[in-house]
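Presented below is the structure to which this report refers.
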Amino acid sequence: MTADPQKNPWTTLSSREIYLNPWIRVREDQVLKPNGSPGIYGVVEYRNRAVGVVPIDNDGYTWLVGQYRYTHNRYEWEIPEGGCPEGESLEDCARRELLEETGLVASELEPLLLDIQLSNSIGNETAHLFIARGLTQETPQPEDTEQIAIRRLPLSEAIQMVTSGQIRDSMSVIALLFLARRA
């Protein structure tokens, strides 16, 4: 028997908030699973949308930012990215994050991929990716949670960092591999 893709096989019996901070809300739902048996489902609701931007200059170079990622307990290289709060446009957020993390200002911003689900089994976070062109350099303005290294390199080298496992951040991997395929 094939499941009807239009019909939700889950039944939510109750829902309660477990944790809340400015970035996430965690809730626990009492559910009936698709087979009808009772269960629980933990959901992480993100309060911001994720935005990433790949800056590309006229010479085919891009910029990566390196920082220590607390959740993984390791240093990571990734594209400039951050959270887009309610009320801020995705484009404005992409421009803000680019300036904050690299000091770059873009005269052109092109949507690359929108509404990517980053971890749809436990969270509702979506990502929105852009390409920035027509770049001018100003002074980076990192947030107080960021201690960032900036690296300018050929786009092809950044793509190679993905394929060799040096870049693991999902938004960076998706954006750079998408650009590699598009080339």
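Could you tell me which numbered condition residue 54 fails, if it satisfies all but one of (1) under 14 Å from the mean Cα position of the chain (by Cα); (2) over 22 Å from residue 165 (Cα atoms)?
(2)
Can you confirm whether segment 121-143 contains a residue that is in a helix (DSSP H, G or I) and out of contact with any His (no Cβ under 9 Å at 6 or more places or on another chain)? First the steps, then the outcome.
Of all residues in segment 121-143, those in a helix (DSSP H, G or I) come to none.
No - not one qualifying residue is present in segment 121-143.
I'm trying to understand the selection: among the residues of segment 156-177, which are hydrophobic (A, V, I, L, M, F, W, C) and either in a loop (DSSP other than H, G, I, E, B) or surrounded by 15 or more Cβ atoms within 10 Å (Cβ to Cβ) (or both)?
Residues of segment 156-177 hydrophobic (A, V, I, L, M, F, W, C): 158-159, 161-162, 167, 171, 173-177.
Answer for segment 156-177, where residues must be hydrophobic (A, V, I, L, M, F, W, C) and either in a loop (DSSP other than H, G, I, E, B) or surrounded by 15 or more Cβ atoms within 10 Å (Cβ to Cβ) (or both): 158, 159, 161, 162, 167, 171, 173, 174, 175, 176.
Based on this model, can you work out whether residue 31 counts as in the same structural domain as residue 132 (by TED's automatic domain parsing), outside any loop (DSSP other than H, G, I, E, B) and either within 18 Å of residue 137 (Cβ to Cβ) or in contact with a Leu (Cβ under 7 Å, 6 or more places away or on another chain) (or both)?
Details: in the same structural domain as residue 132 (by TED's automatic domain parsing): no; outside any loop (DSSP other than H, G, I, E, B): yes; either within 18 Å of residue 137 (Cβ to Cβ) or in contact with a Leu (Cβ under 7 Å, 6 or more places away or on another chain) (or both): yes.
Considered against the rule, which asks whether it is in the same structural domain as residue 132 (by TED's automatic domain parsing), outside any loop (DSSP other than H, G, I, E, B) and either within 18 Å of residue 137 (Cβ to Cβ) or in contact with a Leu (Cβ under 7 Å, 6 or more places away or on another chain) (or both), residue 31 comes out as no.
If I ask for residues that are of a type in the set (A, V, I, L, M, F, W, C), in contact with a Gly (Cβ under 8 Å, 6 or more places away or on another chain) and surrounded by 15 or more Cβ atoms within 10 Å (Cβ to Cβ), which ones from segment 99-127 would you list? Working first, answer last.
Applying the first criterion (of a type in the set (A, V, I, L, M, F, W, C)) to segment 99-127 yields 99, 104-106, 109, 112-114, 116, 118, 122, 127.
Those still in the list that are in contact with a Gly (Cβ under 8 Å, 6 or more places away or on another chain) too: 106, 122, 127.
Answer for segment 99-127, where residues must be of a type in the set (A, V, I, L, M, F, W, C), in contact with a Gly (Cβ under 8 Å, 6 or more places away or on another chain) and surrounded by 15 or more Cβ atoms within 10 Å (Cβ to Cβ): 106, 127.
Kindly indicate which of 154, 140 is more than 19 Å from the chain's Cα centre (by Cα) and within 12 Å of residue 64 (Cβ to Cβ).
Working: 140 fails: within 12 Å of residue 64 (Cβ to Cβ).
Result: 154 is the single residue among 154, 140 that is more than 19 Å from the chain's Cα centre (by Cα) and within 12 Å of residue 64 (Cβ to Cβ).
Which pairs have Cβ atoms under 8 Å, sit 6 or more apart or on different chains, and link a residue in segment 69-94 that is in the same structural domain as residue 152 (by TED's automatic domain parsing) and farther than 23 Å from residue 111 by Cβ to one that is acidic (Asp, Glu) and surrounded by fewer than 18 Cβ atoms within 10 Å (Cβ to Cβ)?
What qualifies is 69/76.
Within segment 25-48, can you find the residues that are under 28 Å from the mean Cα position of the chain (by Cα) and without any contact (Cβ under 8 Å) to a residue 60 or more places away in the chain? Write out each step before concluding.
Applying the first criterion (under 28 Å from the mean Cα position of the chain (by Cα)) to segment 25-48 yields 25-29, 40-48.
Those that are under 28 Å from the mean Cα position of the chain (by Cα) and without any contact (Cβ under 8 Å) to a residue 60 or more places away in the chain: 25, 26, 27, 28, 29, 40, 41, 47, 48.
Hey, could you check segment 128-155 for residues that are under 25 Å from residue 59 (Cβ atoms) and of a type in the set (Ser, Thr, Tyr) and say which is surrounded by the fewest Cβ atoms within 10 Å (Cβ to Cβ)?
If we take residues in segment 128-155 being under 25 Å from residue 59 (Cβ atoms) and of a type in the set (Ser, Thr, Tyr), then 139 is surrounded by the fewest Cβ atoms within 10 Å (Cβ to Cβ).
The values are calculated or read from the model by the stated rules, or taken from the named source; none is laboratory data. Just so it is clear, the model here is predicted, and its values are computed rather than measured. Here Cβ is always computed from backbone atoms with ideal geometry, including for glycine, and neighbour counts include all displayed protein chains.
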